[in-house]
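These notes concern the structure reproduced below.
All of the numbers you see were taken from the coordinates with simple rules; none came from a lab. Note that the structure is predicted; figures quoted are calculated from it, not measured. Neighbour counts are summed over all protein chains in view; Cβ atoms, including those assigned to glycine, are modelled from backbone coordinates with ideal geometry.
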C-alpha cells in the first residue's frame with residue numbers, strides 16, 4: 001500500500017510538472033541608482049530606499065513557492081537596468097516581445113509613464129510616489145504599491161488633528177520636488193482644518209552668505225506653533241532639525257515623525273516575522289520601498305495561484321482584470337486592494353520616528369462612507385484620473 005501511495009504521489013508530481021505554466025515578469029530599475037549610493041544608504045534617511053527593489057520581490061516569491069507549486073505554476077522574474085527614459089521604454093518593449101505578462105518598475109515618474117505607454121502590459125509601480133501618476137497622468141494598466149505623497153501627508157495631518165497640534169510652521173526645501181510636495185502637504189493641512197502660521201524656505205549651501213538659510217534657530221524663531229512640518233526630499237537638512245527648534249515642539253514630515261508604508265520595528269499582524277525573513281535574506285532592515293516590492297511579488301503569486309493548474313499563462317488583459325479583484329495581506333491588519341479610480345493600493349500607513357511605530361493611519365475613530373482607507377489620498381469624488389479600468 002505504501003508503494004502504491006508513493007507511486008501515486010510521484011505520478012501526481014510528474015503531472016503537475018508537465019502542466020506547470022511559467023508566468024514571466026520583468027523588473028525595470030535605474031542603472032547606477034543614485035538613491036542607493038553607499039553613503040546615502042548608510043544614512044538610512046526615513047522614507048528612502050536602502051537596497052534594490054529586487055530583494056523584496058525575491059522574498060515574496062520565495063514565500064509563495066509552496067502555493068505556486070500546489071497550483072502548478074511558476075514565476076520567472078527577470079531584472080533589467082535602464083540608464084535613461086528611452087532605455088526604460090526600450091526595455092519594456094523588449095520584455096513584452098520576450099513574453100512578459102507584467103512589468104514591475106522602480107523608476108522616476110516620467111520613466112514610469114514612458115514604460116506604461118510603451119506596452120500593453122500591466123505595470124506595478126514600486127518606486128514613484130508622485131500624485132500625478134494617480135491623478136492627471138494616470139494610466140489604465142498602471143498600479144501603485146507605494147503610497148502616494150498625498151496619502152503620506154494625509155496620514156500626518158490626521159495625527160496632528162488627533163493630538164490637537166493645529167498650528168504649524170512649514171519649512172520647505174529649494175528643489176522642484178520640495179515645492180510640489182509642500183503644495184501636497186498644504187492640501188492635506190487644508191483638508192483636515194489645520195493652519196500654517198508661517199512658511200519659510202531653507203537651503204543647505206556651502207556659500208557663507210547663505211548660512212542662515214539652514215540655521216534651525218533662525219528658521220524656527222519669530223512664530224508660535226504646535227509643530228514644525230519639514231519638506232525635504234533630500235533628507236539631509238530634515239534629519240538635523242528635531243530638538244533644534246526654538247520652541248520645544250515636535251517635528252513631522254521628512255524627519256521627527258514620518259508617515260511610511262512600512263517600518264522594520266512594526267510589531268503587529270505578523271509584521272515582525274516578515275521583517276525577520278527579509279533581514280535574514282538580505283542582512284539589512286526592510287524599508288517602505290522593500291515592502292512595496294514585496295507586495296508586488298505577493299500580487300504576482302496571488303494572480304498565478306488563481307489560475308487552474310492546467311491553464312496557460314494569463315494574457316495581459318487577464319492580469320490587469322485580476323489585479324482589480326485582489327485582496328492582499330500586507331501584514332498591516334486589514335486586507336489591501338487596488339482603488340478602481342486610480343490604481344493605488346489601499347493601505348494603512350505607519351507613523352514612525354525611526355525607532356518604532358508611534359501610531360497608524362487612518363487614525364482610530366475616523367469615518368468614511370465606504371472604506372476608511374480612502375481617507376488617505378485622493379478619494380473617488382476628488383479623482384482627476386479619467387481612464388476606464
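Structure notes:
- Annotation for residue 167 and residue 78: the two label points, set 7 Å from Cα along the Cα-Cβ direction, are 6.0 nm apart.
- GNM top mover of 120, 332, 190 - the chain, alpha-carbon springs below 10 Å: 190
- With the highest mean first, a sort of the peptides 379-387, 27-35 on other beta-carbon atoms found within 10 angstrom per residue produces 27-35, 379-387.
- Residues residue 367 and residue 329, FRET efficiency given R0 of 25 Å [Cβ-Cβ distance, rounded to 0.05]: 0.55
- 0 to 90° range, to nearest 10: angle between helix 271-282 axis and the chain longest Cα axis: 80 degrees
- Protection proxy ranking, highest mean first, for peptides 166-175, 347-356, 100-109, 278-287: 100-109, 166-175, 347-356, 278-287, where packing is the per-residue count of other beta-carbon atoms within 10 Å, averaged.
- Against the chain, whose longest principal axis comes from its Cα atoms, helix 288-305 is set at around 20 degrees.
- Beta bridge orientation in the chain: antiparallel %, DSSP, nearest 5: 20 percent
- Projected label distance in nm at residue 243 and residue 39, using a 7 Å step from Cα toward the beta-carbon: 2.4 nm
- Computed from Cα atoms, the angle from the helix 85-97 axis to the main principal axis of the chain rounds to 20 degrees.
- Sorted by Cβ density within 10 Å, fewest first, the residues 263, 48, 143: 48, 263, 143
- Shape call, the chain: gyration tensor on alpha carbons, a/c limit 1.5: prolate
- With all pairs of different C-alpha atoms in the average, the Kirkwood value for the hydrodynamic radius of segment 150-260 is 13.8 Å.
- Among 155-164, 252-261, the peptide with the highest mean count of other Cβ atoms within 10 Å heads the list, and the full ranking is 252-261, 155-164.
- Efficiency of FRET between residue 277 and residue 22 - r from beta-carbon atoms, R0 25 angstrom, step 0.05: 0.55
- Spin-label model, residue 380/residue 63: points 7 Å from Cα along the beta carbon direction are separated by 2.9 nm.
- Extension gain, residue 214-residue 120: 0.36 nm per intervening residue step, less the Cα-Cα distance, totals 29.2 nm.
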